[in-house]
Amino acid sequence: MPDLTCIYCLRDVPAEGFNTEHVISQAFGTFESNLTLTDMVCRSCNQYFGDNLERVFARDSFEAYYRITTNLRPAEHIRAMPQRRLTLTAAPGAEWEGLRLALIAAGGDAAVTLEPQVGLPKTASRGWTYLTGPELADRARPLPADFDRQGHIHVIGPTGEVR
Ligand SMILES: [Zn+2]
């Protein structure tokens, strides 16, 4: 059998170097008429997209959250979500604007909780800038330019206490 050409990397590869590409990742369900590409995507490209695109999409995105709310994955899988790309904050205009939240599993459902964080008052407005522990520990990250150093800071613990 002659070599096949991968549609992504355009390399000519022996046929055994190809596998089946699911156009819609199986992480989002299996479908009766799921579109697959056979002998079109080399294993190397398929592995690359699986590791660098589908994994992130399926585990650290709103789509990952929807996998849980639509019961494709149990709520306990929230613990495996890195929550680096998917971050939650209180909306602009809310009393606690910018407050950082984290997804958790609670009683078999997805819920949110407060992340341990520090609120730094702003000089130019009544608002706050909230920073999590890892953000505070990042020495390369400067404190916000509008940090009111004369004001009181909020230290918010995992149970929601504010000091
Ligand atoms: Zn390829």
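All of the numbers you see were taken from the coordinates with simple rules; none came from a lab. These figures come from a predicted structure and were not determined experimentally. When we count neighbours, we look across all protein chains shown, and the Cβ atoms used for this are built from the backbone with ideal geometry, even at glycine.
Quick look at the values:
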quantity: Binned Cα-Cα distance frequencies in the chain - 10 Å width, integer %; calculated: 9, 26, 24, 18, 14, 8, 2, 0
quantity: For the chain, the longest site-free run once chymotrypsin sites (Phe, Trp or Tyr not before Pro) in DSSP loop states with at most 15 other Cβ atoms within 10 Å are removed; calculated: 32-163
quantity: Selection from PRO14, PRO158, PHE62 lying farthest towards where the dipole of the chain points positive, charges on Cβ; calculated: PRO158
quantity: Computed lengthening from ARG84 to GLU63, 0.36 nm per intervening residue step minus Cα-Cα distance; calculated: 6.2 nm
quantity: Local electrostatic count at ALA64 - Lys and Arg +1, Asp and Glu -1, tallied over other residues with Cβ under 14 Å; calculated: +3
quantity: Bins of 5 Å from zero: percent of alpha-carbon pairs in region 33-97; calculated: 4, 14, 17, 17, 16, 15, 9, 3, 3, 2, 1, 0
quantity: Overall dimensions of region 4-59 by Cα: Rg and Dmax, Å; calculated: 11.6, 33
quantity: Neighbourhood net charge (15 Å Cβ-Cβ; Lys/Arg +1, Asp/Glu -1) for ASP12; calculated: -1
quantity: Cβ charges +1 (Lys, Arg) and -1 (Asp, Glu), total dipole of the chain, debye; calculated: 660
quantity: Listed residue (VAL41, THR30, ALA102) projecting farthest to the positive dipole end of the chain, Cβ model; calculated: ALA102
quantity: Integer Hz, Karplus 6.51/-1.76/1.60 couplings in order for region 145-158, x for Gly and Pro; calculated: 5, 9, 5, 7, 5, 8, x, 8, 9, 9, 10, 10, x, x
quantity: Choice from GLN47, GLN117, GLN150 showing the highest fluctuation, given a GNM over the chain with Cα pairs closer than 10 Å; calculated: GLN150
